[in-house]
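Since the structure comes first, as structure tokens, the remarks are kept for the end.
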Amino acid sequence: MSTDDASDRRFVHSRLIDATPEQVFRAFSEPERLARWWGPDGFSSTFEVFDLRPGGSWRFVMHGPDGTNYPNANVFKAVEPPDRVEVEHLSEDHHFVLIITFAGQGSQTLVGWEQTFDTVEHKQLVAPRVAPANEQNLDRLQREVAGVNKSGAA
């Protein structure tokens, strides 16, 4: 692990969503819903294991728009419904920790997205892909929550 200041190794994004923290958290905690929005634009996911509890495993394959498959292995470090989830992405060459928070603001939720890499160099290397992908993830989450709220299923 690098001794650099963590803020130099971190991407921070946020999004205000028109739904309660419980409604937004459900879009993360229900695997069929999470699979609909997780990943950047054009990607889909097939979940193999989704054990949403501290120490639980989350393994899935992201399918790229070009047909490339990207296996992902993660462990949940913290799960605090409906406020916070911490995920460690287990990879020797692309390791990071992602903390997602769901903070109520009246009838809305401020979703925080904080992704920290091991080194500044790795963060800089992946920045051209990861920074826009994180925003696309939040876009897709927002659409998922809005679509369910519109249908009355939330």
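Only the coordinates and a few stated rules stand behind these numbers; no lab work does. These numbers were taken from a predicted model, which means no experiment stands behind them. With ideal geometry, Cβ positions are generated from the backbone for all residues, glycine too; neighbour counts draw on all protein chains shown.
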| request: Using only alpha carbon pairs under 8 Å that are at least six residues apart, calculate the relative contact order of the stretch 6-148 and give it in whole percent. | output: 30 percent
| said: Give me log10 I(q)/I(0) at q = 0.11 Å⁻¹ for the chain, Debye formula, one equal scatterer per alpha-carbon, no solvent. | reply: -0.42
| Say the dipole of the chain comes from +1 at the beta carbon of Lys and Arg and -1 at that of Asp and Glu; which of 61, 25, 76 then lies farthest toward its positive end? | 25
| task | Using the Karplus curve 6.51 cos²θ - 1.76 cosθ + 1.60 with θ = phi - 60°, work out ³J(HN,Hα) for each residue of the stretch 22-35 in order, rounded to whole Hz, and write x for Gly and Pro. | result | 4, 5, 5, 4, 4, 5, 8, 7, 9, x, 5, 6, 4, 4
| query | Taking only C-alpha pairs under 8 Å that are 6+ residues apart, what is the relative contact order of the stretch 96-138 in percent? | reply | 31 percent
| field | Two-decimal Rg/Rh across the stretch 1-57, once Rg and the Kirkwood Rh are taken from alpha-carbon atoms | value | 1.05
| message | Counting only helical runs of four or more DSSP H residues, what would the 222 nm mean residue ellipticity of the chain come to if each run contributes -39,500 (n - 2.57) and the total is spread over all its residues? | response | -10500 deg cm²/dmol
| request: Mind listing the long-range amide H neighbours of residue 84? Cut-off is under 5 Å, sequence gap 5 or more, other chains count too, H placed in the peptide plane at 1.01 Å from N. | output: 102
| query | If you line up the long axis of helix 120-151 against the longest principal axis of the chain, both from Cα atoms, how many degrees apart are they, to the nearest 10? | reply | 10 degrees
| query | Using the 10 angstrom Cβ neighbour count as an exposure proxy, how do 14, 29 rank, fewest first? | reply | 14, 29
| request: Determine ³J(HN,Hα), in whole Hz, for all residues of the stretch 41-50 in sequence, where each value follows from phi through the Karplus function 6.51 cos²θ - 1.76 cosθ + 1.60 and θ = phi - 60°; x replaces Gly and Pro. | output: 3, x, 9, 10, 9, 10, 8, 9, 9, 9
